[in-house]
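Coordinate-derived values only; no laboratory data. Quick caveat, the model's predicted, so the values are computed rather than measured. With ideal geometry, Cβ positions are generated from the backbone for all residues, glycine too; neighbour counts draw on all protein chains shown.
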Amino acid sequence: MSALSAPAAAETPRARFRPPAVPQVDVRGFWGARVDAVADKTADILYERCVEAGMLDQIDPDRPVPELRIPFMSMSPAAIGKPTFTASTVTTQMFWDSDLAKTIETAAYSLYRKPNPALEAKIDAVIDMYGKLQQEDGYLSSWYQRMQPGLRWTNLRDCHELYCAGHLIEGAVAYFQATGKRKLLDIMCRYADHIDSQFGPEPGKKRGYCGHEEIELALVKLARVTGNDRYMKLAKFFIDERGQQPHYYDQEARARGADPKDFHFKTYEYNQSHKPVRDQDKVVGHAVRAMYLYSGMADVATEFGDDTLRVALDRLWDDLNSKQLYVTGGLGPSEANEGFTSDYDLPNESAYAETCASVALIFWANRMLGMGPNRRYADVMERALYNGSISGLSLDGSLFFYENPLESRGKHNRWKWHRCPCCPPNIGRMVASIGSYMYGQAEGEAAVHLYCDSTARLDLGTTAVTLTQSTNYPWEGAVRIDVDVAKPAHFALHLRIPGFAAGARLRLNGEAVDLDRSVHDGYATITREWHAGDRIDLELELVIERLYAHPDVRQDAGRVTLKRGPLVYCLEGVDNPVGLNRISLPAGAALRAQAEPDLLGGVVTLIGGADVDSTEDWDGQLYRNEPPKREPVTIKAVPYYAWDNRSPGEMLVWLRRG
């Protein structure tokens with residue numbers, strides 16, 4: 001067995017890790033079942049519900065221009081039915097292109113997973129509509145071409161123009177990678193070329209950027225798949241320009257005859273343009289926008305080796321994870337701004353914790369891994385993946401959550417659709433592309449970020465390697481990885497050792513690997529000449545943990561939650577037929593993990609003894625001098641992601657401490 005790798009010297013150039021394309025990874029096991037649900041149901045549902053909403057009427061130039069279907073947010077009651085189109089008003093209908101784009105992306109990955117000729121024909125028809133709609137100069141926006149012609153590029157702050165372009169770019173890249181069809185990719189390259197002709201630091205160009213970040217990370221994807229470096233530079237421009245003075249949003253408001261201060265949220269913190277990005281140290285504003293911005297910053301930091309962005313990103317990462325992140329990986333507690341409020345403000349029952357925000361956190365964490373394997377990012381990615389994100393999709397792939405509270409009295413249930421349907425296709429495309437989050441590939445290096453039964457075909461520059469994982473993770477902690485190379489090859493393999501796995505054990509071809517010597521930044525690194533048939537065995541302890549919140553999180557004072565491996569658990573009323581807030585968990589209560597293959601698609605539940613405050617002897621009193629009597633009760637906890645997939649009822653993540 002060869003020597004294990006030592007930490008790289010400070011002067012060694014940092015490797016750029018990039019995620020594999022979805023077709024490079026075959027996913028089975030836990031995530032395979034979820035990808036199948038998306039391919040079997042969600043992808044078709046997304047398309048059909050977009051049609052029902054009227055989206056194709058807006059994008060198809062062969063149809064009459066439709067009437068406005070979703071009112072402007074700034075309309076007065078008297079104006080309903082007769083909206084006045086202005087550059088400053090907003091309706092969720094103006095970003096229908098983004099909803100269709102994410103639907104195309106979900107469909108693309110689903111078509112790779114399972115052929116679906118009927119769905120593919122429908123998506124091809126939508127792409128044809130966009131091809132007909134595109135103007136000669138490359139511009140493409142169903143809203144500004146069909147609904148508000150003549151107003152393009154007049155309100156970047158509010159109107160999602162570049163945001164929609166970004167999602168269409170991502171949809172185009174996905175459809176090309178998954179199906180080999182490049183029509184939409186060619187369409188979006190022409191649009192990106194047009195955007196590049198309009199925006200930039202050169203004289204005569206606009207020095208603007210989108211109020212809803214997204215195009216930054218999309219342009220990086222486009223640059224990677226096309227090899228066109230102009231798209232990468234444009235992404236960097238949008239990052240570098242954000243928040244600079246004189247402020248672009250002030251200038252564009254004056255140019256359209258508006259007061260720069262006259263907008264709904266009154267502060268540029270809402271869209272993270274209050275400061276240049278390298279000066280930002282506090283996670284503020286709209287949660288999804290923030291996560292998309294930081295994702296783009298991380299991509300640019302990776303591609304350009306920009307440590308000034310890395311420093312800012314680490315400050316922001318520390319702020320989020322030390323003061324503003326739910327235990328489930330949810331974020332953004334407030335419905336009012338769909339985002340952040342103040343430090344340690346993490347209410348449970350009223351938690352907004354938008355599905356899109358948790359998905360976007362996964363994007364950010366994954367892109368931080370582009371600068372090198374580091375457990376601080378991968379552990380959070382895993383937490384958000386297994387908890388705060390997939391809670392937004394029912395187990396059968398048909399129903400959705402927009403908000404993901406950590407407590408419910410039984411009235412918070414999944415819905416079919418939403419007037420702002422950003423979350424269904426966002427969780428759909430993420431689940432369908434989950435294989436690309438599991439691994440990283442760089443010149444002479446490979447990384448395993450997530451453990452799941454899967455096969456990855458990775459490109460390490462001069463070396464192609466196939467890694468096959470065999471595991472029942474997250475229910476069991478044993479992971480086997482078989483290595484296959486066409487001929488002996490020298491490369492470094494990085495394996496994440498999760499923060500919860502204190503007793504991890506690693507073997508290579510049956511021989512123990514010294515984790516104390518090989519682990520750096522939470523990853524065990526083995527550098528050697530690899531041969532076909534090499535085998536790695538990793539054992540991760542999955543113990544039941546009790547987690548406690550920081551004392552300043554007032555909503556969780558005196559409470560405890562349960563976790564096993566990457567999964568956060570909750571109580572549901574269907575399993576625990578007493579008032580959940582009457583239950584208290586004693587410090588010494590024994591808990592055991594129990595496999596239940598016929599429950600919720602097959603889960604491991606947590607079973608144990610607790611106490612419950614009795615209501616039997618209160619005799620109609622609302623208050624009395626004596627505390628309630630306590631009685632023993634057996635509780636069952638299920639993974640948080642699976643709640644509200646049975647009978648509606650109470651749910652609770654944070655239990656009272658006994």
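Going by average Cβ neighbours within 10 Å, how do the peptides 559-565, 586-592 rank, with the highest at the top?
Values: 559-565: 21.7, 586-592: 11.6.
The most tightly packed comes first, giving 559-565, 586-592.
Could you please state, rounded to a whole Å, how far the C-alpha centre of region 18-64 is from the C-alpha centre of region 369-407?
Between the Cα centres of region 18-64 and region 369-407 lies a distance of 18 Å.
Which aspartates and glutamates does LYS282 reach when only Cα atoms under 12 Å apart count, and residues fewer than 8 places away in its own chain are ignored?
GLU269, ASP314, ASP318, ASP319, ASP343
Could you tell me the calculated FRET efficiency between GLN135 and ASP521, based on Cβ-Cβ distance and R0 = 41 angstrom, to the nearest 0.05? Mind dumping the intermediate values first?
Details: r = 48 Å, r/R0 = 1.17.
Calculated value: 0.30.
Using every pair of alpha-carbon atoms in region 545-657, split the distances into 10 Å bins beginning at 0 and state the percent of pairs per bin, rounded to integers.
Binned Cα distances yield the sequence 13, 43, 32, 10, 2.
In region 213-319, which trypsin sites (Lys or Arg not before Pro) fall in coil by DSSP and have 10 or fewer other Cβ atoms within 10 Å? Let's see the in-between values first.
Values: sites: LYS221, ARG224, ARG230, LYS233, LYS236, ARG242, ARG254, ARG256, LYS261, LYS266, ARG278, LYS282, ARG289, ARG310, ARG315; in loops: ARG242, ARG256, LYS261, LYS266, LYS282.
Qualifying residues, ordered by number: LYS261, LYS266.
Can you give the percent of C-alpha pairs in region 437-539 whose distance is more than 19 Å? Provide the component values of the computation, followed by the final result.
On the way: 1911 of 5253 pairs.
Looking at region 437-539, the distances longer than 19 Å represent 36 percent of pairs.
As an exercise, use a Förster radius of 35 Å and the Cβ-Cβ distance of TYR344 and GLU48 to find the FRET efficiency, rounded to the nearest 0.05. Mind dumping the intermediate values first?
Values: r = 42 Å, r/R0 = 1.21.
So the FRET efficiency works out to roughly 0.25.
Looking at the square roots a ≥ b ≥ c of the eigenvalues of the Cα gyration tensor of the chain, which shape do they give, rounded for a/c under 1.5, prolate if a/b is larger than b/c, or oblate? Don't jump to the answer; show the numbers that get you there.
On the way: a/c = 1.64, a/b = 1.16, b/c = 1.41.
Judged from the Cα gyration tensor, the chain comes out oblate (a/c at least 1.5, b/c at or above a/b).
Going through region 336-417, which GluC sites (Glu not before Pro) have at most 14 other Cβ atoms within 10 Å and a DSSP loop state? Can you show the working numbers first?
Numbers: sites: GLU338, GLU349, GLU354, GLU382, GLU403, GLU407; in loops: GLU338, GLU349, GLU354, GLU403.
Answer by residue number: GLU349.
Among all the lysines, which ones have a C-alpha under 16 Å from LYS266's C-alpha, if same-chain residues fewer than 8 places away are not counted?
LYS275
When LEU162, LEU460, LEU515 are ordered from fewest to most other Cβ atoms inside 10 Å of their Cβ, what list results? Could you put the intermediate results ahead of the total?
Working: LEU162 24, LEU460 19, LEU515 14.
Least to most surrounded, the residues fall as LEU515, LEU460, LEU162.
Among the listed pairs LYS114/LYS416; LYS122/LYS205; LYS411/LYS629; LYS323/LYS636, which have their C-alpha atoms separated by more than 32 angstrom in this model? Write down the numbers at each step before the final one.
On the way: LYS114/LYS416 24 Å; LYS122/LYS205 38 Å; LYS411/LYS629 29 Å; LYS323/LYS636 30 Å.
From LYS114/LYS416; LYS122/LYS205; LYS411/LYS629; LYS323/LYS636, over 32 Å: LYS122/LYS205.
Going highest first, how would you order 191-198, 95-102 by mean Cβ packing within 10 Å? If you can, show how the numbers build up before the last one.
Numbers: 191-198: 19.4, 95-102: 26.6.
Output ranking for 191-198, 95-102: 95-102, 191-198.
Are there any GluC sites (Glu not before Pro) in region 544-647 that are in a DSSP loop and have at most 10 other Cβ atoms within 10 Å? List them by number. Write down the numbers at each step before the final one.
On the way: sites: GLU545, GLU572, GLU616; in loops: GLU616.
Passing sites in region 544-647 are GLU616.
How much length is gained on full extension from LYS183 to GLN251, taking 0.36 nm per residue of separation minus their Cα-Cα distance? Don't jump to the answer; show the numbers that get you there.
Working: separation 68, 0.36 × 68 = 24.48 nm, distance 3.67 nm.
Residue separation times 0.36 nm, minus the Cα-Cα distance, leaves 20.8 nm.
For region 446-462, just list the computed ³J(HN,Hα) in residue order, Karplus coefficients 6.51, -1.76 and 1.60, θ = phi - 60°, integers in Hz, with x standing in for Gly and Pro.
Per residue, the Karplus-derived 3J(HN,Hα) values read 9, 10, 10, 8, 10, 9, 6, 4, 6, 10, 10, 10, 9, 10, 9, x, 8 Hz.
Please state, as a whole number in µm²/s, the translational diffusion coefficient that the Stokes-Einstein equation yields for region 100-205 at 10 °C and 1.306 mPa s, with Rh defined as the Kirkwood radius across alpha carbon pairs. Walk me through the numbers before you get to the answer.
Numbers: Rh = 14.5 Å.
Approximately 109 µm²/s, per Stokes-Einstein.
If each DSSP helix of 4+ residues adds -39,500 (n - 2.57) and the sum is divided by the residues in the chain, what number results at 222 nm, nearest 500 deg cm²/dmol?
Working: 17 runs with 204 residues, N = 658.
Rounded to the nearest 500, it is -9500 deg cm²/dmol.
Considering amide H positions built from the backbone, and no H for Pro or chain starts, which residues 5 or more places from GLY372, or on another chain, come under 5 Å of its amide H?
Placed amide hydrogens put PHE17 under 5 Å from GLY372.
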